[in-house]
Amino acid sequence: MTQQAIETVAVIGGGTAGWMAAAALARKLRGTVRITLVESAEIGTVGVGEATIPPIVDFNTFLGIDETAFIQATQASFKLGIELRDWGAPGDRYLHPFGRYGLDFEGASFHQHWLRQRELGDPGTLDEYCLPAAAARAGKFFRPVKDTRNILSMLAYAFHFDASRYAAFLRAYAEERGVVRQEGKIVEVVQRPLDGFIEGVRLESGEVIEADLFVDCTGFRGLLIEQTLEAGFEDWSHWLPCDRAVAVPSQNVGPPEPYTRSTAQRAGWRWRIPLQHRTGNGYVHCSQFISEDEATADLLAGLDGEALAEPRMLRFKTGRRRKSWIRNCVAIGLASGFLEPLESTSIHMIQTGIFRLLALFPDRTFDPVLAEEYNRQAANEYARLRDFVILHYHATTRSDSPLWDHVRTMEIPETLQRKLALFRSQGRFFREDEELFSETSWVAVMMGQGVMPRAYDPVAAAHDPEAMRQRMERFRHAVAHAAAEMPTHQAFIDRYCKAPPV
Ligand code: FAD
């Protein structure tokens, strides 16, 4: 067997994607490969990804990062889910919690038993059977415990953090492990004439950075993957027409809630992300239906604290690169595609892109089968997440603006049609292709936005209703008791991980 190991990797771009990739590669490859990261202070980063989902905890664990140090360095707060307001109809409010609803109650999913008990007169909401939801509603937080007999093991959490501080934190981590940072603007990508493999990137100074493998983390522009290798772009803006966001930080008013808030607006939706030192706000909108000035004015008018900076406008197109890995170039982060941040999936996709690259790490022969597998998995992941985000727009009765009329009545992907039909029939859900979001997530959004099954699973009907009522009641009380005993989110932060003032 001949081994032609990769000796040099160039990570191009120093945003969240670039530094996450550099840190993870340095950790995993442990000095066997020389890693250089090129970034340009002149170009800068997007720097707005602030809300995450629970697998970020695994990423930090993989790096061996001390969680308290990370929280303090990034001014992070904890997140137990997302509160969605005004999505199904104006005035609606529901929670998409992390973790799951209820327990495995013999055969059928928990929500099936809940549907049956509801029909029999149980007044409890689904949230009352979910500890992260109950804690979020009460403004409480505690870390999950490992002992699965303890109800606190049902907690799951992620973070709200300052993205620029996270990149800086990972930069220090990566540099300590030998990653060399190269400042400079790339003016040319040099390809091997014979086969189009990338040989190097030329900086404005004239210096050429060569490598065996290139990780394109250059953001929306996709300097290597698109501008050089012409991967092509699958445009999804007919399903997800929002193409702008205006973002502004504001002063905190009161303690930070342990959840992100997303409020539907006539031409898009607003986010509210409370960190320790400030609150992140933004209005994702569709330029076809609202001007940038109007969106900015709406955002500023709805702030609950004083704005701390000038509003920043970001432009994007929803979709994905047709291929994320071509020859010796793998695109990660915004260079590989974009889905609006409604379910905080972008940083997660950076993470899965990195882990996928590590799982399929090539040698210098770059066997095409590796890239094919990478691209197949990436395409599936994107499509499943796309469907989940589209669900939020489509499952609505809103008819108060052209945007909502469009998304409510549009033709949706066949994969989503099938999921909705199955759920409407008897509340069934199946996770496909290792998709990220679980049954609890889909049930939360579907029922939260008024998609109710016509009947429940007959398997749930096979249980003695009174015995089931008692079991569910006991569980509901255990959830309420555990949530009541937990410290407030602010008290938890103050006690365990308060960040220094900025
Ligand atoms: P960028 O941050 O754009 O970094 C690109 C890098 O490439 C920079 O360092 C730049 O200097 C470098 N570069 C580019 N061209 C050159 C060149 N010619 N020479 C040298 N260097 C170059 N994600 C979440 O998970 N949660 C959220 O809440 C969330 N909110 C978002 C809100 C909005 C409005 C947007 C637009 C995105 C949001 N995201 C969110 C996504 C998240 O911001 C990105 O996934 C994340 O910041 C990664 O960006 P990136 O590193 O791929 O690109």
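The values are calculated or read from the model by the stated rules, or taken from the named source; none is laboratory data. These numbers were taken from a predicted model, which means no experiment stands behind them. Every residue, glycine among them, receives a Cβ derived from its backbone with ideal geometry; neighbour counts consider all protein chains shown. Surface accessibility is based on the protein's heavy atoms, side chains included, excluding ligands, DNA and RNA. Shrake-Rupley method; radii C 1.70, N 1.55, O 1.52, S 1.80 Å.
With both labels modelled 7 Å from their Cα along Cα-to-Cβ, the GLN3 to GLU183 distance reads 3.8 nm.
Here the Karplus relation 6.51 cos²θ - 1.76 cosθ + 1.60, evaluated at θ = phi - 60°, turns the backbone of the range 12-21 into coupling constants of 9, x, x, x, 4, 5, x, 6, 5, 5 Hz, with x for every Gly and Pro. The accessible surface of the range 385-502, taken with every protein chain in place and a 1.4 Å probe, is 52 percent carbon and sulfur.
Each of ASP363 and SER425 was given a label point 7 Å from its Cα along the Cα-to-Cβ line. The distance between the two points is 4.9 nm.
Within straight-line reach of LYS185, meaning a Cα separation under 29 Å, sit the following lysines at least 8 residues removed in sequence or on another chain: LYS28, LYS317, LYS323. Running Debye on the range 94-199 with equal point scatterers at the Cα sites and no solvent, what base-10 log of I(q)/I(0) appears at q = 0.15, 0.24 Å⁻¹? So the normalised log intensities are -0.81, -1.26. Between ALA307 and THR32, full extension at 0.36 nm per residue minus the direct alpha carbon distance yields a gain of 94.3 nm. Amide H contacts of ILE326: ALA331, each under 5 Å away and 5 or more positions distant or on a separate chain (H built 1.01 Å from N in the peptide plane; Pro and chain starts excluded). For the chain, the extents of the C-alpha atoms along the principal axes are 75, 50, 48 Å, listed from largest to smallest.
What a 1.4 Å probe finds exposed on the range 1-114 is 47% carbon and sulfur by accessible area, rounded to a whole percent.
For the pair the range 447-462 / the range 290-307, the C-alpha centres are spaced 40 Å from each other.
Per residue, the range 360-502 exposes 48 Å² of solvent-accessible protein surface, assessed with a 1.4 angstrom probe and all protein chains in place. Shown for the range 145-265: the carbon plus sulfur share of the solvent-accessible area, taken with all protein chains present and a 1.4 angstrom probe, equals 47%.
For the range 324-338, backbone phi angles converted through the Karplus equation (6.51, -1.76, 1.60; θ = phi - 60°) give residue-by-residue couplings of 9, 10, 10, 6, 9, 10, 10, 8, 10, x, 4, 5, 9, x, 8 Hz, Gly and Pro being listed as x. For the peptides 423-430, 5-12, residues were scored by their other Cβ atoms within 10 Å and the scores averaged per peptide; the highest-first order is 5-12, 423-430.
D by Stokes-Einstein for the range 272-313, Kirkwood Rh over Cα pairs, 20 °C, 1.002 mPa s: 191 µm²/s.
Applying the Karplus relation 6.51 cos²θ - 1.76 cosθ + 1.60 with θ = phi - 60° to the range 433-443 yields 3J(HN,Hα) values of 6, 6, 5, 5, 7, 8, 4, 4, 5, 5, 5 Hz, where x marks Gly and Pro. The angle between the Cα long axis of helix 414-426 and the main principal axis of the chain comes to about 20°, on a 0 to 90 degree scale.
Put simply, the Cα atoms of the range 2-85 extend 56, 32, 24 Å along their principal axes, the longest span coming first. Close amide H pairs (under 5 Å, H built 1.01 Å from N) link GLN191 with GLU199, residues at least 5 positions away or on another chain. Per residue, the accessible area of the range 183-293 comes to 39 Å², computed with a 1.4 Å probe over protein heavy atoms only. For GluC sites (Glu not before Pro), the sites in the range 387-479 that DSSP calls loop and that have at most 11 other Cβ atoms within 10 Å are GLU411, GLU434. LYS28 contributes about 110 Å² of solvent-accessible surface, heavy atoms of the protein only, 1.4 Å probe.
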